[in-house]
Amino acid sequence: MRATFPVTVHLFLFRGDRVLLSRRYNTGYEDGSYGLPAGHLEGGETVSQAAAREAKEELGIEVNAQDIRFAGVMHRKSDDERVDFFVRVDRWTGEPSNQEPEKCDDLRWTDLSSLPVNIIPYIRQALENYRQGKTFDEFGWDGLPGSG
């Protein structure tokens, strides 16, 4: 059977050693927990195009494809199976602001060394992978590291 499952693109925006986190609100998934600005890949668009689209939709900033760098990929299992791309956005135009208050109730620049306790576990792992230069991970599968 051929696998079909959601693909998500997550954005790493940095200011020095601080990363931009968004707290989920009223979504039905991990509400009250911090994640990254992110969204699902739509048919017919590249990962870079999705990242630029999500930056505009969620943060109100303009991002050019040449300012997006691959940071990692994670094959993840939670309630369902997913593939997550993580990209670093090196430059943008505008100041990030919450464009989706119905889904996010806080944007916060947070030091990588002091992430909030209420960060989504796979996001914590993805940020740690980034710090260590690890570009591929599997998360949430029984018997694998990080599955806990």
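Between 60, 43, 35, where does the largest GNM mean-square fluctuation fall for the chain, given springs only between Cα atoms within less than 10 Å?
43
Could you name the aspartates and glutamates whose alpha carbon sits less than 18 Å from that of residue 103, not counting residues in the same chain fewer than 8 places away?
Correct list for residue 103: 30, 31, 54, 57, 58.
Just to be sure I understand: with springs between alpha-carbon atoms less than 10 Å apart, which residue in 121, 37, 101 has the highest mean-square fluctuation in the Gaussian network model of the chain?
101
Given that just one value was derived from the coordinates, which of (i) 9.2; (ii) 14.3; (iii) 12.9 is mean projected area of the Cα convex hull in nm²?
Structure-derived value, by its label: (i).
Considering amide H positions built from the backbone, and no H for Pro or chain starts, which residues 5 or more places from residue 36, or on another chain, come under 5 Å of its amide H?
Counting only residues 5 or more places away or on other chains, the set is 22.
Got a sec? Charge dipole of the chain, +1 on Cβ for Lys and Arg, -1 for Asp and Glu; which of 14, 121, 38 is way out at the positive end?
14
Tell me the mean residue ellipticity at 222 nm calculated for the chain from its helices only (DSSP H runs of n ≥ 4, each -39500 (n - 2.57), averaged over every residue, nearest 500).
Here the helix-only value at 222 nm equals -4000 deg cm²/dmol.
Quick one: work out Rg over Rh on the C-alpha atoms of segment 6-74, Rh as Kirkwood radius.
Dividing the radius of gyration by the Kirkwood radius yields 0.95.
How high is the relative contact order of segment 73-148, in percent, with contacts defined as C-alpha pairs under 8 Å that are six or more residues apart?
Computed over segment 73-148, the figure is 37 percent.
Taking R0 as 30 Å, what FRET efficiency do you get between residue 14 and residue 77 from their Cβ-Cβ distance, rounded to the nearest 0.05?
0.60
Suppose every K and R has +1 on its Cβ and every D and E has -1 on its Cβ; what is the size of the dipole of the chain about the Cα centre, in Debye to the nearest 20?
400
Could you grab the relative contact order for the chain? Cα pairs under 8 Å, six or more apart, rounded to a whole percent.
29
Mean-square fluctuation check for the chain, GNM, Cα pairs under 10 Å: which of 33, 114, 48 is largest?
The residue with the greatest mean-square fluctuation here is 114.
What residues have an amide H closer than 5 Å to that of residue 141, excluding those fewer than 5 places away on the same chain, when H is modeled at 1.01 Å from N in the peptide plane?
HN-HN under 5 Å from residue 141: 77.
Spelling out what I want: for every residue of segment 97-110, take phi, set θ = phi - 60°, compute 6.51 cos²θ - 1.76 cosθ + 1.60 (Karplus), and round to whole Hz; glycine and proline get x.
9, 6, 8, 10, x, 6, 10, 9, 10, 6, 10, 8, 7, 10
Just so you know, all these numbers are worked out from the coordinates, no wet-lab data involved. Everything quoted here is computed from the prediction, not taken from an experiment. Glycine gets a Cβ as well: all are built from the backbone with ideal geometry, and neighbour counts include every protein chain shown.
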